[in-house]
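Everything on this sheet refers to the single structure shown next.
Quick note: the coordinates plus some simple rules give every number you see, no bench work behind them. Small disclaimer: the values here were computed from a predicted structure and weren't measured. In this analysis, Cβ positions are derived from the backbone assuming ideal geometry, glycine residues included, and neighbour counts consider all displayed protein chains.
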Amino acid sequence: MANNYYEGTGVLVLNRVTPVIKALFGAFALDENHPGNGQAYIAQIAETNDPRWTDVLSCRFRLCLNGWPRTSVLTRTGSGRT
């Protein structure tokens, strides 16, 4: 039997786990299937993962390189462009 020591745990309450949520919380051992019903479990596990701000930035950078979903952007005048 494995002994796991947690330095931090939490539950995100969401409609769904998007690529942005994965980029922000992936370093925290994100489990989008547990506990379910719109909740996702995150944990900082001792001696396994030690998430840092640089990890979050790295995940966001990779997300941008792999194709951030393209949406329309508002200009200063308020008109939309893609």
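Can you name the residue in the range 6-31 that is hydrophobic (A, V, I, L, M, F, W, C) and part of a loop (DSSP other than H, G, I, E, B) and is also surrounded by the fewest Cβ atoms within 10 Å (Cβ to Cβ) among such residues?
Narrowing the range 6-31 to residues hydrophobic (A, V, I, L, M, F, W, C): 11-14, 17, 20-21, 23-25, 27-30.
Narrowing the set further to residues that are part of a loop (DSSP other than H, G, I, E, B) leaves 14, 17, 29-30.
On the way: 14: 12, 17: 17, 29: 16, 30: 18.
This residue is 14.
Take the residues in the range 35-64 that are part of a helix (DSSP H, G or I) and of a type in the set (D, E, K, R); name whichever of them is nearest to residue 16 (Cα to Cα). Outline the logic, then answer.
Within the range 35-64, the subset part of a helix (DSSP H, G or I) is 53-64.
Still in the list and also of a type in the set (D, E, K, R): 55, 60, 62.
Values: 55: 22, 60: 18, 62: 20 Å.
Selected residue: 60.
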